[in-house]
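The values are calculated or read from the model by the stated rules, or taken from the named source; none is laboratory data. Keep in mind the model is a prediction, meaning the values are calculated, not measured. We place every Cβ from the backbone using ideal geometry, glycine too, and count neighbours over all the protein chains shown.
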């Protein structure tokens, strides 16, 4: 199949492109710059110029393809509400092009806010949260209601691996360097789930090739890792002290990242593994931290 991929030159997107090409698919990758276009060419993909706010480029890319993976997102937390709306509109426009066809459409979401404090499973639908207005799942369901074969891949809060520069672990590393201490909040027993980016890319391909309308798939290779354990591994790598920060002091220490540093979001991928025969095989999050890929 010829697959249109948004976010094709991002941390996860580049792995998706390689996964698709290795499996015999053709890739049409969205690129907004000459540098991004060259990366796609080097990877063996075709280039489609545009960006997530250029709706005509999104529509024409989808029209030229046998399926779409929407892995793009504008990671600008200073205007988060605005970029969430951009994401929602992008999904709607791509979906409109796919109405009346059986072409698969995979939309990206996350596991972190599905049901904080409980084990997230694929059948749970996240409630709308005004403090976190990303509506990719609702947008996917809206186009599915029009007859589009749309499904969602929920990424773990930590998608790790070589070249991870902007994910949650690099944020913790940078805060630890700035503050001189690798910290967690309270007793640090709140949990993140995690996945290696190559395992995530493999899941995107399987989801594309076996799309069930309105399905949710969990890219969660590790169900639950205590944030204290992550902080300890970072501190050991940086040779920094490890400390607990009170919930009252969390905002001052972690800044805008305090909410994510405090979240408890274990997530199961049992159903995903059963339905798609997906088996995570790459290194764990702690192994990547301990191998120094975040602190070199």
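Quick grid of which residues meet (1) under 25 Å from residue 278 (Cα atoms); (2) in contact with a helix residue (DSSP H, G or I) (Cβ under 9 Å, 6 or more places away or on another chain); (3) at pLDDT below 95; (4) outside the structural domain of residue 139 (by TED's automatic domain parsing):
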| site | (1), (2), (3), (4) |
| --- | --- |
| 13 | yes, yes, no, no |
| 29 | yes, yes, no, no |
| 42 | no, no, no, no |
| 45 | yes, yes, no, no |
| 49 | no, yes, no, no |
| 57 | no, no, no, no |
Members of region 165-188 that are touching a residue at least 60 places away in the same chain (Cβ under 8 Å), touching a strand residue (DSSP E or B) at 6+ places or on another chain (Cβ under 8 Å) and surrounded by fewer than 16 Cβ atoms within 10 Å (Cβ to Cβ): 186
Test: residue in region 104-111 that is outside any loop (DSSP other than H, G, I, E, B) and without any contact (Cβ under 8 Å) to a residue 40 or more places away in the chain: no
Tally, over region 265-288, of residues that are under 19 Å from the mean Cα position of the chain (by Cα) and part of a helix (DSSP H, G or I): 8
Residues of region 118-154 that turn out to be under 26 Å from residue 224 (Cβ atoms), at pLDDT 95 or above and part of a loop (DSSP other than H, G, I, E, B), as a count: 6
Among residues of region 53-88, those that are farther than 13 Å from residue 6 by Cα and exposed (fewer than 15 other Cβ atoms within 10 Å of the Cβ), counted: 11
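Considering only strands (runs of 3 or more DSSP E) fully contained in region 162-264, which possess at least 1 residues that are over 23 Å from residue 292 (Cα atoms) and assigned by TED's automatic domain parsing to the domain that holds residue 8?
216-219
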